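See below for the structure under consideration.
The values are calculated or read from the model by the stated rules, or taken from the named source; none is laboratory data. Being a predicted model, the structure only gives us computed values, none of them experimental. Positions of Cβ are generated from backbone atoms using ideal geometry, with glycine treated the same way; all protein chains shown enter the neighbour counts.
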Amino acid sequence: MRVRLVVNGSQAAFDIAPDTRLLDLLRDRLGLMGAKEACGRGDCGACTVLVGDRAVPSCLVLAARMDEPVRTVEGLAADASALRESFADWGGLQCGYCTPGLVVRTHQLIESGECDTSSNDEVRQALAGNFCRCTGYNGVVAAVQHATAGHGTPSGA
Ligand code: FES
Ligand code: FES
């Protein structure tokens, strides 16, 4: 089947199988390798992208069902640069496998204003769907807080 998608501001048409996952189209057809596959079943957040203004696990949705623009971590490059720097500066990343998903999810939190990022508990709760095996989350919370309001401290997270 032929589908049209807007990804990171550019529209393109693709011939794909009806069951093609958005994650596979992004990685295999567009070479956007930021979204990662880990669990492959919607549990870990490594594959998170924005569909419209929602953060969505791209392993769980079909490319053919995208009726809103898709943004990946690559498409947020300029918008999320402070956030990415903050993850690096505040210990929010180690191996980096989870980082694109966390950056996308955090960017969406900031855009939507749905979370009080000065609250450790709210940030942790909001990021509960994004697993990180390395950092223990203290650095992640500190990075989010530092990037948004400057309230975070590595020891206080
Ligand atoms: S790989 Fe998609 S949520 Fe884990
Ligand atoms: S930095 Fe390694 S999984 Fe999060």
Inset, instruction - Give the residues of segment 69-78 that are without any contact (Cβ under 8 Å) to a residue 60 or more places away in the chain and touching a strand residue (DSSP E or B) at 6+ places or on another chain (Cβ under 9 Å), sorted by residue number. - result: 73, 76
Legend entry - Top-ranked residue of segment 115-132 - restricted to ones that are in contact with an Asp or Glu (Cβ under 9 Å, 6 or more places away or on another chain) and touching a residue at least 12 places away in the same chain (Cβ under 8 Å), ranked as surrounded by the most Cβ atoms within 10 Å (Cβ to Cβ): 123
Legend entry - Set 157, 147, 80, 128: member being modelled with pLDDT under 95 and under 15 Å from the mean Cα position of the chain (by Cα): 80
Inset, instruction - Please specify each residue of segment 24-64 satisfying the condition of being near ligand 1 (Cβ under 6 Å from one of its atoms) and assigned to a loop (DSSP other than H, G, I, E, B). - result: 37, 38, 39, 40, 42, 43, 44, 45, 46, 47, 59
Inset, instruction - Go through the residues of segment 125-140 one by one and say whether even a single one is in contact with a Gly (Cβ under 8 Å, 6 or more places away or on another chain), of a type outside the set (S, T, N, Q) and more than 16 Å from ligand 1 (Cβ to nearest atom). - result: yes
Legend entry - Filter result for residue 61 (closer than 21 Å to residue 114 by Cα, away from ligand 2 (no atom under 16 Å from the Cβ) and under 17 Å from the mean Cα position of the chain (by Cα)): no
Inset, instruction - Would you check if there is a residue in segment 15-35 being closer than 20 Å to residue 143 by Cβ, out of contact with any Ser or Thr (no Cβ under 8 Å at 6 or more places or on another chain) and at pLDDT 95 or above? - result: no
Inset, instruction - Kindly indicate whether any position in segment 34-55 is under 17 Å from residue 127 (Cβ atoms) and either among the polar types (S, T, N, Q) or assigned by TED's automatic domain parsing to the domain that holds residue 97 (or both). - result: yes
Inset, instruction - List the number of the failed condition for residue 86; all other conditions in (1) within 15 Å of ligand 2 (Cβ to nearest atom); (2) under 11 Å from the mean Cα position of the chain (by Cα); (3) assigned to a helix (DSSP H, G or I) hold. - result: (2)
Legend entry - The lone exception for residue 19 - which of (1) surrounded by fewer than 21 Cβ atoms within 10 Å (Cβ to Cβ); (2) under 17 Å from the mean Cα position of the chain (by Cα); (3) part of a loop (DSSP other than H, G, I, E, B) it fails: (2)
Inset, instruction - Could you look through segment 34-54, keep only residues that are farther than 21 Å from residue 95 by Cα and without any contact (Cβ under 8 Å) to a residue 40 or more places away in the chain, and pick out the one that is nearest to ligand 2 (Cβ to nearest atom)? - result: 41
Inset, instruction - From (1) outside the structural domain of residue 6 (by TED's automatic domain parsing); (2) within 16 Å of ligand 1 (Cβ to nearest atom), pick out the condition that doesn't hold for residue 122. - result: (2)
